[in-house]
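The values are calculated or read from the model by the stated rules, or taken from the named source; none is laboratory data. Computed from a predicted structure; not experimentally measured. Here Cβ is always computed from backbone atoms with ideal geometry, including for glycine, and neighbour counts include all displayed protein chains. We work out accessible area using only protein heavy atoms, side chains counted, and drop any ligands, DNA or RNA first. Shrake-Rupley method; radii C 1.70, N 1.55, O 1.52, S 1.80 Å.
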Amino acid sequence: MLINHPLLGPRDAAEFTYMGDASLIHRPDWQASDAAAQFADYGYLRDNPAGLHRELWFHEGGDRSWLVVTRDTTTHEITQVELARDVARREGRST
Amino acid sequence: MRYSGFRVIKEALTGHRGWGPAWRDPEPQPAYDIVIIGGGGHGLATAYYLASVYGQKRIAVLEKGWIGGGNVGRNTTIIRSNYLLDGNEPFYEFSLKLWEGLEQELNYNAMVSQRGILNLIHTDAQRDAFIRRGNAMILNGADAELLSTEQIKARYPFLNTENARFPIKGGLAQHRGGTVRHDAVAWGYARGADRLGVDIIQNCEVTGFVMEGGTCTGVETSRGTIKAAKVASCVAGSSSRVMEKAGMRLPIESHVLQAFVSEGLKPLLPGVITFGAGHFYCSQSDKGGLVFGGDIDGYNSYAQRGNLPVVEDVCEGGMAIFPNLGRARLLRMWGGIMDMSMDGSPIIDRTHVGGLYFNGGWCYGGFKATPASGYVYAHLLATGQPHPTATAYRFDRFNRGLMIDEKGMGNQPNLH
């Protein structure tokens with residue numbers, strides 16, 4: 001697989017480390033009254049869809065940026081690549 | 001029809017006209033006591049033990065495609081019980097004991113071959129860990145023996161024991177481990193279950209669950225609604241896709257694992273060797289092909305095919321330890337979809353939905369577990385209680401901090 005890095009262009013997926021579902025950007029609030037239940041879901045439960053999947057790839061063998069890759073798990077086709085930083089900002093998780 | 005040597009001779013002398021189908025092809029009934037979703041090894045074994053050990057009647061196995069067309073026909077056929085942790089080792093040893101009696105019980109030649117499995121050691125720390133694991137195995141009634149480099153060289157003279165990065169410093173052997181003809185396991189259990197009255201319904205895809213008052217009372221299928229007092233999902237690889245229809249999210253990611261077989265060669269490799277440090281393991285099939293594999297690709301996939309970096313990684317590992325492998329040509333390579341769970345161990349449990357049961361999360365170790373998985377799942381379905389060897393395989397172990405994490409990797413499914 002080739003991942004079209006937003007800054008570096010097409011890179012071999014072997015340079016990256018897969019870090020799971022991009023919903024992990026949304027860490028629960030530790031002060032919430034049901035924080036334990038929220039963290040159990042966050043830590044252990046996954047949608048695991050057959051089809052489009054937004055996922056985190058860490059460019060460990062490159063510029064060490066985190067990406068959000070949208071990929072079809074039934075064909076491995078990658079349709080969108082964004083910097084995780086931009087996604088987190090857009091979704092209100094970072095400044 | 002019982003199979004026997006006399007039967008083979010009789011049929012040979014009479015033109016092989018007496019062989020019948022090994023199982024029926026029934027139409028689905030409107031209702032059953034127990035419906036098992038998934039006609040793989042585990043589902044068929046569950047049906048067999050429900051009928052044979054637990055005396056259950058009116059059982060159906062629903063299979064989307066044809067039986068044995070999933071992971072039971074895609075694995076690398078190894079059986080073993082060399083686990084460390086208390087939650088696992090009694091279960092896998094129970095499974096290995098069932099393998100030992102399987103062919104007589106089923107009257108079916110599954111080619112169970114206890115040719116032994118050897119885990120290679122490269123460092124002092126790894127030797128300590130393997131000695132500990134061997135002792136845990138012996139405490140649980142399994143067999144384990146620590147071998148020296150000389151003993152390994154005597155059995156496997158072609159292994160490269162002097163690799164600069166991973167010199168072979170010994171190994172942990174389980175002589176009762178080995179290989180089994182994987183398709184025959186599915187066929188043997190299917191035939192055994194069918195003879196006890198189980199309906200095996202192929203080309204019957206489950207498209208939804210019938211829910212009444214929060215209780216599961218049947219399944220919607222491509223061949224109509226089938227009611228059932230108990231519905232048992234047994235579809236490792238597709239667990240999330242099926243259980244999503246019941247509104248469940250699982251502690252599972254689906255990953256692709258690749259496997260390889262070389263052209264047929266003369267007998268070369270007498271047992272199973274695993275080179276964990278180099279992500280490579282290998283055995284030789286009775287047809288002569290070297291059957292080998294390594295790590296999962298590492299990203300979510302339902303595609304049943306992987307990518308080339310892992311092919312390269314597996315073959316590099318093979319060449320490092322097993323240099324004459326390079327003279328063999330690769331015949332086939334393929335992929336299968338694994339239920340990678342959050343701690344690397346399976347789940348066999350009831351769900352929060354009444355009447356709905358779950359068996360999955362087998363990671364890439366489901367084949368060796370086939371007999372015990374079926375047996376303990378049948379026990380759960382028939383008695384409502386977990387089997388004594390499977391009490392740890394509960395859904396709630398993650399929330400309660402009771403994970404069964406053999407590799408100590410935490411909640412990263414692609415690292416187990």
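A few comments on the model shown:
- Residue within segment B:204-220 that is within 14 Å of another protein chain (Cβ to nearest Cβ), on the phi < 0 side of the Ramachandran plot and either in a loop (DSSP other than H, G, I, E, B) or open to solvent by less than 70 Å² (accessible area, probe 1.4 Å) (or both) present: yes
- Going through (1) without any contact (Cβ under 8 Å) to a residue 40 or more places away in the chain; (2) part of a strand (DSSP E or B) one by one, residue B:245 falls short only on (2).
- Test result for residue A:79, over 14 Å from residue A:12 (Cα atoms) and open to solvent by less than 20 Å² (accessible area, probe 1.4 Å): no
- Some residue of segment B:226-237 being surrounded by fewer than 21 Cβ atoms within 10 Å (Cβ to Cβ) and touching a strand residue (DSSP E or B) at 6+ places or on another chain (Cβ under 7 Å): yes
- Matching residues, segment B:16-46, being among the aromatic types (Phe, Trp, Tyr), open to solvent by less than 90 Å² (accessible area, probe 1.4 Å) and closer than 20 Å to residue B:106 by Cβ: B:23
- Output for segment A:1-42, where each listed residue is part of a loop (DSSP other than H, G, I, E, B) and within 20 Å of residue B:300 (Cα to Cα): A:1, A:16, A:26
- Residue pairs whose Cβ atoms lie under 8 Å apart, sitting 6 or more positions apart in sequence or on different chains, and linking a residue in segment B:1-15 that is within 20 Å of residue B:105 (Cβ to Cβ) to a partner that is exposed (fewer than 10 other Cβ atoms within 10 Å of the Cβ), are B:1/B:20.
- Here residue B:324 passes the criteria (1) open to solvent by 20 Å² or more (accessible area, probe 1.4 Å); (2) more than 14 Å from chain A (Cβ to nearest Cβ); (3) modelled with pLDDT of 95 or more except the one numbered (3).
- Any hit, segment B:243-262, residues being within 14 Å of chain A (Cβ to nearest Cβ), of a type in the set (Ser, Thr, Tyr) and open to solvent by 10 Å² or more (accessible area, probe 1.4 Å): no
- Selection of first residues in segment B:214-240 that are among the basic types (Lys, Arg) and of second residues that are open to solvent by less than 10 Å² (accessible area, probe 1.4 Å), restricted to Cβ pairs under 6 Å at least 6 apart or on distinct chains, gives the following pairs, ordered by first then second residue: B:223/B:204; B:227/B:218; B:230/B:34; B:230/B:381.
- Restricting attention to segment A:27-63, the residues that are in contact with a helix residue (DSSP H, G or I) (Cβ under 8 Å, 6 or more places away or on another chain) and of a type in the set (Ser, Thr, Tyr) total 1.
- Number of residues in segment B:337-355 that are hydrophobic (A, V, I, L, M, F, W, C), more than 20 Å from residue B:44 (Cβ to Cβ) and not in a loop (DSSP other than H, G, I, E, B): the value is 1.
- Against the numbered list (1) in contact with a Ser or Thr (Cβ under 7 Å, 6 or more places away or on another chain); (2) open to solvent by less than 60 Å² (accessible area, probe 1.4 Å), residue A:1 comes up short only at (1).
- Candidate set: segment B:290-305, residues that are in a strand (DSSP E or B) and not hydrophobic (A, V, I, L, M, F, W, C); chosen: the one nearest to residue B:74 (Cα to Cα): B:293
- Residue B:291 buried (at least 16 other Cβ atoms within 10 Å of the Cβ), modelled with pLDDT of 95 or more and within 14 Å of another protein chain (Cβ to nearest Cβ): no
Rundown of residues vs (1) within 11 Å of chain A (Cβ to nearest Cβ); (2) closer than 25 Å to residue B:362 by Cα; (3) surrounded by fewer than 22 Cβ atoms within 10 Å (Cβ to Cβ), yes/no style:
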| position | (1), (2), (3) |
| --- | --- |
| B:284 | no, yes, no |
| B:300 | yes, yes, no |
| B:308 | yes, yes, yes |
| B:313 | yes, yes, yes |
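- On the stretch given as segment A:47-67, residues that are in a loop (DSSP other than H, G, I, E, B), open to solvent by 70 Å² or more (accessible area, probe 1.4 Å) and within 11 Å of another protein chain (Cβ to nearest Cβ) total 1.
- Selection of segment B:264-280 for residues being within 18 Å of residue B:311 (Cα to Cα), in a strand (DSSP E or B) and open to solvent by 10 Å² or more (accessible area, probe 1.4 Å) yields only B:274.
- Checking segment B:50-59 against the condition returns a match, with at least one residue being surrounded by 24 or more Cβ atoms within 10 Å (Cβ to Cβ), within 23 Å of residue B:350 (Cβ to Cβ) and in the same structural domain as residue B:376 (by TED's automatic domain parsing).
- When we screen B:334, B:362 for residues that are open to solvent by 30 Å² or more (accessible area, probe 1.4 Å) and either assigned to a loop (DSSP other than H, G, I, E, B) or assigned by TED's automatic domain parsing to the domain that holds residue B:278 (or both), the only hit is B:334.
- When segment B:308-337 is filtered for residues that are aliphatic (A, V, I, L, M) and closer than 15 Å to residue B:297 by Cβ, the ones remaining, listed by number, are B:308, B:310, B:311, B:314, B:333, B:337.
- Counting only strands (runs of 3 or more DSSP E) that sit completely within segment B:77-192, those holding 1 or more residues that are within 21 Å of residue B:293 (Cα to Cα) correspond to B:117-121, B:170-174.
- Selection within segment A:5-46 - among the hydrophobic types (A, V, I, L, M, F, W, C) and more than 14 Å from chain B (Cβ to nearest Cβ): A:7, A:8, A:25, A:30, A:32
- Of the residues examined, residue A:71 is one that is among the basic types (Lys, Arg), open to solvent by less than 50 Å² (accessible area, probe 1.4 Å), assigned to a strand (DSSP E or B) and at pLDDT 95 or above.
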